[in-house]
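**Student:** One structure, as structure tokens, below. Some questions next.
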Amino acid sequence: MPPREGIYGLLAEFNTPTELVEATEAARHAGYRRMECYTPYPVEEAAEALHFHKTRVPLVCLLGGLMGVTTAYLMETWINVWAYPLNIAGRPLFSWPAFIIPAYEWTILFAGLSAAFGMIALNGMPQLYHPVFNAPNFRNGATTDKFFLCLEAVDPQFSLTETRKFLEQFPAVSVVEVDH
Amino acid sequence: MATKVPLNDPMIDPRTGEYAVIAPGHNFKSVTQKIAGIVLTSNTPLGWFFGLMLGGAVATGVVIGCTWLFLKGVGIWGVTIPGAWGFAIINFVWWIGIGHAGTLISAILLLFKQTWRNSINRFAEAMTIFAVVCAGTFPLIHVGRPWLAYWLFPYPNTMNVWPQFRSPLAWDVFAVSTYATISIVFWYVGMIPDFGTLRDRATMPFAKYMYGLLSLGWRGSTRHWIRYESASLLLAGLSTPLVLSVHTVISFDFAVAALAGWHTTIFPPYFVAGAIYSGFAMVLTLAIPIRKFYHLEDMVTLRHLDNMAKVMLGTGGIVAYGYGMEVFMSWYSASHWEFFMMWNRMFGPMGWAYWILILTNIAIPLTSLWSRKLRVNVTYLFVLSLIVNTGMWFERFVIVVTSLYRDYLPSSWGTYRATKWDYMIYVGTMGLFTFLFFLFVRFLPMIPMSEIRMMLPQTKVKRGGSDAASVVEERV
């Protein structure tokens, strides 16, 4: 658990995604690990620079889909074979081809809900408070047109003066301290 | 084709001769300001109030019609035996078909990397949801005892009664409820980053608070974005088979019945194509006035209109093939009843509906949409979109009514005549749709800002001498 007081990290603001990606790569090269980029749209190169490749969203989605198909198919079978058997024009009680259709729909339903809520949960949302919002320039640009790199204080290599010096060698618009 | 258009038009890309997807000269800030400004403005255009009130006034038709319906029963409608499916089913199929273009734009075109779709995707999705709301109303009020409509769902009850899963009507419940849920989820997930933008740009405390809640605390973190993109792609990948299955299942409602004119294998693809055809027509009906009213010509350009018209041309062709095949099969099947059904459909007492359908769905659009000049003529496209929507409504009318009112036994023949309550509820749902849509354009970002930013040339990361490959791979 990171400390809840004091400094959260140093936030550098950039004007272009290229500058952000270069700074991020350099920071990683210099040994920083606890850092995050904030961009107004997905910048894949930034994720590469952070070495963040794998998300578990597809796995959650797959599990959801499997759960959906199993639930629906077993439910239909149980209902139409055991719970409430009806003779419909002499068709077998276990009419497996007909059961595929609702099972197909529930596969999609469960998989889709898992993907959406899985993404939200893995992202730790809803999280209405976050230290970066304390930076005076963050909300003015992070969701509009500015690109941010935050080197976090929990990184063992973090030092207020050294890290600031490191960030200032890039064409950053500003480097500000972010408090918890 | 490119030589026919004026060469000095700034909207035309000189390399391809195509209209640009986004007008030149925009940057991250300008697109954000433009789109967020519509929502966050403190002076709402007067026309918006007028539109909202007009929609609301017409929507009272649904309220009044349904109230009387609940008091008196479905006898106030024109449904009777043999025409037991009337306006309610026609309107249901029509509305849900309209919704399909929204999913097609948001899901299938995303998978095909058609980036031009970014600007029209959000309101096409909104259109889907509102169309599904209107569509969903009809089967619910058509069941006769709408207060028991929840019996459609499998739930444990003291009567020990359960749904019967060999019936297409039970499949329909699953298909449509899944479709509504996934469409809403996809729509909302798409809006999360934009809610973040609105939260940060809002000045009114209440707006900040509401958009802040809706954004779930979105801060644009790269790790979040990667998961977000992954979830969006998955939702798109799931919505694609979903949208195809929904209208397929709806067509099963007809195709599984042993009635001449319904009992055909061509129904699923033909229904899906028809759905997309009418849906794109509805996107045009909505996009053309909105881009004019809110001056969004920079983002919803002639390229979008042109592309949508092309999709209509393609799906319209499939629909025409469907009509042709129906006629052919009624002869080729050598079935007396099939043959009579087609003769009756064309030349019987309701033959006029068939010819309206051919005129509005085939004759007018499929002859004119080949012309690029007409495809970029905004007025023409708007009129055409209304024509096609009328045509698609008549298609459902023809399918539902003409097969039912004269079936196998001449002694059981009847006719179908809609009552004023049928018309009132139908027109009312159009008002409801308009009302919801006006609320949407005022309070939610109607163009996805984060996706528009991705279409700008500034988005590209320019790599210098040292790139990611030269960085030493290190694992934590």
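Every number here is computed from the coordinates shown, using simple stated rules; none is lab data. Note that the structure is a prediction, hence the values are computed from the model and not measured. No Cβ is skipped: glycine too gets one built from the backbone with ideal geometry, and neighbour counts run over all protein chains shown.
**Student:** Using just the alpha carbons, could you tell me how many Å³ per residue the convex hull of the stretch A:57-122 encloses?
**Tutor:** Each residue corresponds to 68 Å³ of Cα convex hull volume.
**Student:** Moving on to the next point. Rank the residues B:Ser371, A:Ser114 as a footprinting-exposure proxy: fewest other Cβ atoms within 10 Å of their Cβ go first.
**Tutor:** Result, fewest neighbours first: B:Ser371, A:Ser114.
**Student:** Moving on. State, in angstrom, two size descriptors of chain A derived from its alpha carbons: Rg to one decimal place and Dmax to the nearest whole number.
**Tutor:** 24.9, 82
**Student:** Pick out, in residue order, every one of the chymotrypsin sites (Phe, Trp or Tyr not before Pro) in the stretch B:331-384 that is DSSP loop and has at most 13 other C-beta atoms within 10 Å; say none if there are none.
**Tutor:** Sites meeting the loop and neighbour criteria: B:Trp370.
**Student:** Any idea what angle helix B:118-142 forms with the longest principal axis of chain B, computed on alpha-carbon atoms, 0 to 90 degrees, nearest 10?
**Tutor:** Helix B:118-142 sits at roughly 30 degrees to that axis.
**Student:** Filter the chymotrypsin sites (Phe, Trp or Tyr not before Pro) in the stretch B:45-143 to those in DSSP coil with at most 12 other Cβ atoms within 10 Å of their Cβ, and list the result.
**Tutor:** Filter output for the stretch B:45-143: B:Phe112.
**Student:** Nearest 0.05, what FRET efficiency do A:Glu44 and B:Ser42 give at R0 = 51 Å with Cβ-Cβ as r?
**Tutor:** The value I calculate is 0.85.
**Student:** Return a whole-number percent for the relative contact order of the stretch B:83-238, with Cα pairs under 8 Å and 6 or more residues apart as the contact set.
**Tutor:** Across the stretch B:83-238, relative contact order equals 23 percent.
**Student:** Whole Å is fine, so just give me how far the alpha carbon centre of the stretch A:4-31 lies from that of the stretch B:413-441.
**Tutor:** Centre-to-centre (Cα) distance: 56 Å.
**Student:** Nothing charged except the Cβ atoms of Lys and Arg (+1) and of Asp and Glu (-1): what's the magnitude of the dipole of chain B about its Cα centre? Round to the nearest 20 debye.
**Tutor:** 920 debye
**Student:** Mind pulling the angle between the C-alpha long axis of helix B:168-201 and the longest principal axis of chain B? Nearest 10 degrees, somewhere in 0 to 90.
**Tutor:** For helix B:168-201, the angle is close to 20 degrees.
**Student:** Could you work out the pair-distance distribution P(r) of chain B from its alpha-carbon pairs, with 10 angstrom bin width and percents rounded to whole numbers?
**Tutor:** For chain B, the binned pair fractions read 4, 18, 28, 25, 15, 7, 2, 1, 0 percent.
**Student:** Further, regarding this structure: Distance cut-off 31 Å, Cα to Cα: go down the list A:Lys54/B:Lys310; A:Lys54/B:Lys113; B:Lys310/B:Lys460; B:Lys208/B:Lys462; B:Lys113/B:Lys462; A:Lys54/B:Lys208 and report the pairs above it.
**Tutor:** In this structure, A:Lys54/B:Lys310; B:Lys208/B:Lys462; A:Lys54/B:Lys208 lie more than 31 Å apart at Cα.
**Student:** While we're here: Suppose every K and R has +1 on its Cβ and every D and E has -1 on its Cβ; what is the size of the dipole of the stretch B:152-222 about the Cα centre, in Debye to the nearest 20?
**Tutor:** So the dipole magnitude of the stretch B:152-222 works out to roughly 180 debye.
**Student:** Rounded to the nearest Å, what's the spacing between the alpha carbon centres of the stretch B:228-251 and the stretch B:67-82? Just the number, please.
**Tutor:** Going from one Cα centre to the other spans 35 Å.
**Student:** Same structure, new question: Please get the size of the charge dipole for the protein assembly as shown, origin at its Cα centre, with Cβ charges of +1 on Lys and Arg and -1 on Asp and Glu, quoted in debye to the nearest 20.
**Tutor:** For the protein assembly as shown, the charge dipole is close to 1040 debye.
**Student:** Still on this structure, please answer the following. In degrees between 0 and 90, to the nearest 10, how far off the longest principal axis of chain B does helix B:420-443 point, with axes built from Cα atoms?
**Tutor:** So the helix axis and the longest Cα principal axis differ by about 10 degrees.
**Student:** Over chain B, what is the relative contact order in percent, taking alpha-carbon pairs closer than 8 angstrom and at least six residues apart?
**Tutor:** 31 percent
**Student:** A further question on this structure: Check cross-link reach from B:Lys29 to the aspartates and glutamates: straight Cα distance under 12 Å, and skip same-chain residues fewer than eight apart.
**Tutor:** Within reach: A:Asp145.
**Student:** Also: Tell me the volume per residue, in Å³, of the convex hull enclosing the alpha carbons of the protein assembly as shown.
**Tutor:** Convex hull of Cα atoms, per residue: 192 Å³.
**Student:** Between B:Thr181 and A:Phe133, what is the spin-label point distance in nm, taking each point 7 Å from the Cα along the Cα→C-beta axis?
**Tutor:** That separation, rounded to one decimal, is 3.0 nm.
**Student:** Further, regarding this structure: In angstroms, what radius of gyration and Dmax does the stretch A:101-180 have, counting Cα atoms only?
**Tutor:** 19.4, 63
**Student:** Once Lys and Arg get +1 and Asp and Glu get -1 on their Cβ, which of B:Val441, A:Ala115, B:Cys66 lies farthest toward the positive end of the dipole of the protein assembly as shown?
**Tutor:** So the residue furthest toward the plus end is B:Cys66.
**Student:** Hey, another quick one. Quantify how strongly other chains surround peptide B:174-187 by giving the mean number of their Cβ atoms within 10 Å of each of its Cβ atoms.
**Tutor:** For peptide B:174-187, the averaged partner shielding equals 4.
**Student:** May I ask you to compute the full-extension gain from B:Leu359 to B:Arg417, defined as 0.36 nm times their residue separation minus their alpha-carbon distance, rounded to one decimal in nm?
**Tutor:** Stretched out fully, the B:Leu359 to B:Arg417 stretch lengthens by 18.6 nm.
**Student:** In addition: Which one, B:Val272, B:Ala287, B:Ser330, projects farthest toward the positive side of the charge dipole computed for chain B from Cβ point charges (K/R +1, D/E -1)?
**Tutor:** Among B:Val272, B:Ala287, B:Ser330, the one farthest towards the positive end of the dipole of chain B is B:Ala287.
**Student:** Please give the average number of partner chain Cβ atoms lying within 10 Å of the Cβ of each residue in A:133-144, rounded to a whole number.
**Tutor:** 5
**Student:** Could I have the simple spin-label model distance between A:Arg91 and B:Tyr380, label points 7 Å from Cα toward Cβ, reported in nm to one decimal?
**Tutor:** About 4.9 nm separates the two model spin labels.
**Student:** Loop sites only, by DSSP: take the GluC sites (Glu not before Pro) in chain B that have at most 12 other C-beta atoms within 10 Å and name the longest stretch containing none of them.
**Tutor:** Between the exposed loop sites, the longest stretch runs B:1-472.
**Student:** With N set to the residue count of the stretch B:312-465, report its C-alpha Rg divided by 2.2 N^0.38 Å to two decimal places.
**Tutor:** Here the answer is 1.50, to two decimals.
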